[in-house]
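Written below as structure tokens is the structure these notes are about.
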Amino acid sequence: MTVTINGSGTITGTNAVAGSSAATTGNLYKVDAAVVAFTKTGAGTATIKAGTIAAVGGISVTFDTDTAVIMPALAAGTDYAIYVCTDGSIRADASFSAPSGYTTANSRKIGGFHYAPGGNAAANAGGDTTPQINEYSFWDLKFKPSCPDPRGMTLVAGGFWVDIYLTGVDAITNGSSKYNVTIADVSSPPKIPSLFGGNGTTTYGTLTWFEAMELATAFGKRCLSQQEFMAAMYGTTEATQSGGTDIPTTGVTGTGATSAWNVFTSKWGVVQATGCMWIWGLDRGGPYGAAAWNANTEGRGSEHNAPNAVLLGGSWDAGAACGSRCSHWLHVASFSADSIGSRFSCDHLIIW
């Protein structure tokens, strides 16, 4: 059975269109596989593109014109899934299991987006504080981050995905990118993933380069290379200011901070992109350690004449040094501090 839906979302017939056979086998069909299935049409509105077909509950739903996604009341800093339902509707919901009033039998998750606490940067001066959909956060079943969980990520220059928020203490339960949670650093260390021996409560005790790399791997992600960082943080306020004081929470201003969080939002919607916390970068280099063995890896072998690990972006106290091309190559990989956090990235996946 094929159900064809017109632009108003009502059932109009039973005519299949090209590609419907792909949908009935469980695949999402799009007219252009190289772009995401959704378009932002307003601060809190979006459409599914004409020609999109999705299988749900044994039927194939076809959208013959751009069709509005039915939205719930949207909350800032929240990820939403987008569902196609057997009644022909397309709707968003904060639940990633099924939309309100539906079940997994009569709805199918085909994508999602992040409703950000503010808008993206239009120039090198950060964004604003008007909550809205981040247009670069849209994903679908065939256009998405390569990691298992697409929530809280934004697509940079069509090439790779980056966590919108800094890593939180409870990343193993919240995901690695979550709004309004305590930022992980040496004073508030992240919990250890079960893949690396964690039991749900134990923490690393610190946040070294080694631990940041391990934590990223647990999410199917990586720490950003310097090249990725420079692109992802473009649009932040550059080389003039930093947060001014310790900023303990993702996506919000720290007590007494001299700058609002939104001035450090990037073009792609990365929040607290610079000027808030140093983050560990993927690269190592800079001054080398002594030409000797150094048992600095917490009991996992020693390093010989090892290079330092890079810190990127600048922390709340780095002032005019902060920016998308700010880098610091002084510290060894076993160093940690309350001004150093993490943020992760992953590859972009297109399924043809």
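Here, each number is a calculation from the coordinates, and none is a lab measurement. Quantities reported herein were computed from a predicted structural model and do not represent experimental measurements. Here the Cβ is made from the backbone with ideal geometry for all residues, glycine too, and neighbour counts use every protein chain on show.
Brief remarks on what is shown
- Span from the region 311-328 Cα centroid across to the region 48-105 one, whole angstrom: 41
- Label-to-label distance, residue 32 versus residue 70, with points set 7 angstrom from Cα along the beta-carbon direction: 2.9 nm.
- Cut-off 18 Å (backbone N to label point 7 Å along Cα→Cβ of residue 284), residues of region 318-333: 328-333
- Eligible aspartates and glutamates near residue 40 by straight Cα distance, threshold 12 Å, same-chain separation 8 or greater: 66, 135
- Taking trypsin sites (Lys or Arg not before Pro) in DSSP loop conformation with at most 15 other Cβ atoms inside 10 Å as exposed sites, the chain has its longest uninterrupted site-free stretch at 1-299.
- The charge dipole of the chain, taken about the Cα centre with unit charges on the Cβ atoms of Lys, Arg (+1) and Asp, Glu (-1), comes to about 560 debye, rounded to the nearest 20.
- More than 21 Å apart - percent of Cα-Cα pairs taken over region 28-102: 25
- This model, with +1 at the C-beta of Lys and Arg and -1 at the C-beta of Asp and Glu, gives region 122-274 a dipole about its Cα centre of some 280 debye.
- Most positive-pole-ward Cα, 297, 235, 203, against dipole of region 160-350 from beta carbon charges: 235
- Looking at region 205-342 alone, DSSP beta bridges between its own residues are antiparallel in about 75 percent of cases.
- Listed pairs 49/144; 49/109; 144/191 exceeding 20 Å between Cα atoms: 144/191
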